[in-house]
Structure formats: structure tokens, C-alpha cells
Amino acid sequence: MENFHYYTPTRVVFGKETELQTGQLVKECGCKKVLVHYGSGSVKKSGLLDRICAALEEAEVDFVTLGGVVPNPRLSLVYEGIRLCREESVDFILAVGGGSVIDSAKAIGYGMANEGDVWDFYAKKRAPQGCLPLGVVLTIAAAGSEMSDSSVITKEEGWVKRGCNSNYVRPRFAVMNPELTMTLPAYQTESGCVDIMMHTMERYLNQADNMELTDGISECLIRTVMKNAKILLENPKDYEARAEVMWAGSLSHNGLTGCGTDGGDWASHQLEHELGGMYDVAHGAGLSAVWGSWARYVMDARPERFARFAVQVMGVEDTRNAMETAEKGVQAMEEFYRSIEMPTSLEELGVHPTEEEVRELARKCSFDGGRTIGCVKKLDQEDIFRIYMNAR
Ligand code: NZQ
Ligand code: ZN
């Protein structure tokens, strides 16, 4: 077992009508003025934004609002948010939405707590030294940003999507009412389920030793999401299924399923981030489109781990030949993705890059050949190119 730090400072307030407690939760954070940050309209349409504003007013918390965050959140709105927060002397940000809104809030928080250009942190030019405190009212189970140390932003100039990780951005609290996710389109629900599964699969398919407890938690988490993703396809209003998926989303990306491992692979995420930056696809759908191609490219470096995944998670019979069992596991996962109407290739994702464009994706993903991605196999620019080509 590897040494590890497990740090999850986020207070979770989970269940029906919990959003009504938001005013009090913000007040307890001891702030003077709040930025309420939200997306492109779903929270207005559902009435959630009005309810949150009313809860803040009732708690006598002063606030300003800024909407307009889009999926694959843009740097230009982050700059606008920082300007607004400076003008209004904001000292707390409340994100009402999904991963994109939360990540945009985190970036604004970085911009408020640090001098200079906030993009420097995403371009890895320097590390942030702080962030404004944040709270979250979650409306989609997917990215896990409500408890994670991560924020992912897209810079319009050059269309690059980059992440920044630090413990400063872990939210103070996360309000999670599964009922709020019932208005999601099926595609977003299922894309979210893929992302949740992938946050644990990235950690599970690693180069570390087996870990009884962490492996057991991970296997159960992935199976639970698979089961409930299918239920939600049939019945989007199933509260129990919504709740299982929502809680899995937070536990899948708060570090729990990485305890004692080597931190995981994360190549599929890096491959997706370029797709999200260039083609603006839904994150989870981008992940399922490249995962099979990635798995087949690397699994001979860790066949016994992929075979364990096949047996314990996918319910495949152990053939006693690790590579054979591993391949059956990958096939079973692809079948599952198709069964929840998620893509297993770039074509199914609706993206049709030419070979030249695939070269461009690989160039960007490898930082112009300056880095490798993944740990099951360390993948350079040429490997990345081949994986994208195989995923077409
Ligand atoms: O903008 P609105 O109108 O709210 O619509 C959103 C958006 O179109 C809609 N939606 C959200 N809640 C809804 C709803 N529609 C109806 N009813 C509701 N209750 O769903 C769409 C997707 O929202 P978004 O926030 O983009 O989804 P998600 O949570 O999947 O976030 C994706 C972003 O998070 C990043 C991804 O790369 C992507 O940019 N990630 C962030 C991570 C992190 N910070 O830890 C980790 C992840 O691996 C991921 O990279
Ligand atoms: Zn993800």
C-alpha cells in the first residue's frame, strides 16, 4: 500500500429540499458578499435560482449574480467574474449548477486570491497560493467538482482545455438534493454516469499493487453506477437511483477510490480534454468514445489488473488467460456504454476528424511532444495519435 493524504474538508448536506438550507450554510461561512454563479438557464427554468436567492435574502446575506457558464466553461467569463467580484468586493462564491459552473467559480476564486493572469495556473506556469471560499448547490451528478481539488477551463484562443489542481478549491459545503437532477436530459444523465465511473476506473486501472479495501469500494461504486444508470434511462424520476448516482459522483472524485494506490492513470481524461476543447463535446460522452481504444492499447502492460476488472466489475467469466479475460471486460464495458446510449467511438460521438486533425489533437494533448500521459503505459505523441486514430 502506498502512503497517502486523504483530505475531504467539504461539508455534505444531502437529500430532499436541502437547497433551502443554503442561506444558513453561506452565512455560517462568515462572508460579507456572495457571487451566485450559474449556467445557461436550467436553474432559471426550474426555479432553483429564485429559491436560492430567496434563501440568501432570508438569511440576510448580500449577493450579486453572474450566469452564462457553458459546458466546457470559458476563460472569458472567468475574467468577467473576477472583474465583477473586485467591483462588488465579493468574498464568497456560490456555484449553482454542475461541474462547469463549479469549475468556473473555482477559477474566479483563484483570480480573486492571486495576482496576475489566472490562466497561468492552468498553463502550469505557476501554482496558485489561495482561492476565495466556495459553496456549491449541485444540479448534475457527474464531474465530482463539488468535492474535488480540480477545475477545468477552456481558453477560447487556440481552444485548449486545461485543468488546475489544488486543495484551496475544495468547496466549504456541497448541497446535494437528488431531486434537482430529475430535469436533466437523458444524454446528460448518462454522460454524467460515465464520468463518475471513469473517475474510479482511472484510479483503479493503475500500476500499483492490489488494495483490498480500496479495490472493493471501487468495484462496488462502478457496479452501483452501472445499475442505476440503466434504471435512470427508463425512469429519470427514480429518486433512489438519482441519489445513488449523486453520492457515487462525489465519492468517485474526492480521492477515496485512490487511497493507497499510485494515483491512477488519467490518460483517458487527457485524451477527452482535447476533444472537449476542440469539438465542445459532453465530457462523459468523450470519455466513453476513447476508453475502449485506450484500454486495448495499454492493457498488455497490466493484463492481470484488466482481468480483475473484467471479472469483479463486468461479471465476465475468468478464462485463466489474463489478456483474453481483459479483452472480454473491455467488450462488456463497450456493450454497457451502448446500452445507455453513450458513444464508443469518435464517429458515434459525432466527431469526424481528418488524419491531420488527429495529429493536431495529439500535438496538443502531448503539449507539443513535451509530456507523456498515463501510467499503465506512458503514452507519447505518437501513441496518443494512434489511440485517437483507433477510436475513429
Ligand atoms: O448551463 P445549464 O443551463 O445549467 O445546463 C447544463 C449543461 O448544459 C445542464 N444541466 C445541469 N444541471 C441541469 C441541467 N439541465 C437540466 N436540469 C439540470 N438539473 O447540463 C449540461 C452540462 O452541465 P455541466 O456542468 O457542463 O456538466 P458536468 O457536471 O458534466 O461538468 C462538465 C465539466 O466538468 C469538467 C469537464 O471537463 C467539463 O468541463 N470536469 C471537472 C472535474 C473537476 N472539476 O473535478 C473533473 C472531471 O473529470 C471533468 O473534467
Ligand atoms: Zn471526468
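Within region 78-103, the set of residues being within 13 Å of ligand 1 (Cβ to nearest atom) and in contact with a helix residue (DSSP H, G or I) (Cβ under 6 Å, 6 or more places away or on another chain) comprises Val78, Ala95, Val96. Selection of region 310-360 for residues being touching an Asp or Glu at 6+ places or on another chain (Cβ under 6 Å), crowded, with 21+ Cβ neighbours inside 10 Å and part of a helix (DSSP H, G or I) yields only Thr325. For region 215-242, the tally of residues that are more than 16 Å from ligand 2 (Cβ to nearest atom), under 24 Å from Gly315 (Cα atoms) and out of contact with any Asp or Glu (no Cβ under 6 Å at 6 or more places or on another chain) stands at 15. The helices (runs of 4 or more DSSP H) found wholly in region 1-75 and carrying at least 2 residues that are more than 30 Å from Val281 (Cα to Cα) occupy 22-28, 48-58. Among the residues of region 244-252, is any within 30 Å of Cys131 (Cα to Cα), outside the structural domain of Ala113 (by TED's automatic domain parsing) and of a type in the set (Phe, Trp, Tyr)? Yes: one or more hits.
Of the numbered criteria (1) over 18 Å from Glu202 (Cβ atoms); (2) in contact with a helix residue (DSSP H, G or I) (Cβ under 8 Å, 6 or more places away or on another chain), the one Val330 fails is (1). Within the set Thr8, Thr22, the sole residue that is closer than 30 Å to Ala208 by Cβ and modelled with pLDDT of 95 or more turns out to be Thr8. Scan region 1-21 residue by residue and report those that are more than 23 Å from the chain's Cα centre (by Cα) and either in the same structural domain as Gly144 (by TED's automatic domain parsing) or within 27 Å of Asp238 (Cβ to Cβ) (or both). Across region 1-21, the qualifying residues are Lys16, Glu17, Leu20, Gln21.
Conditions tested, residue by residue: (1) within 8 Å of ligand 1 (Cβ to nearest atom); (2) in contact with a Gly (Cβ under 7 Å, 6 or more places away or on another chain).
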{"site": "Gly130", "(1), (2)": "no, no"}
{"site": "Val136", "(1), (2)": "no, no"}
{"site": "Ser150", "(1), (2)": "yes, yes"}
{"site": "Val175", "(1), (2)": "no, no"}
{"site": "Thr181", "(1), (2)": "yes, no"}
{"site": "Gln188", "(1), (2)": "yes, no"}
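Going by what's in this entry, would Gln207 be described as more than 13 Å from ligand 1 (Cβ to nearest atom) and either of a type in the set (Lys, Arg) or in the same structural domain as Trp294 (by TED's automatic domain parsing) (or both)? The answer is yes for Gln207. You will find that of Glu88, Glu157, Glu146, the residue that is of a type in the set (Asp, Glu) and more than 27 Å from Ile373 (Cβ to Cβ) is Glu88 and no other.
The values are calculated or read from the model by the stated rules, or taken from the named source; none is laboratory data. All values reported here derive from a predicted model rather than from experimental measurement. Here the Cβ is made from the backbone with ideal geometry for all residues, glycine too, and neighbour counts use every protein chain on show.
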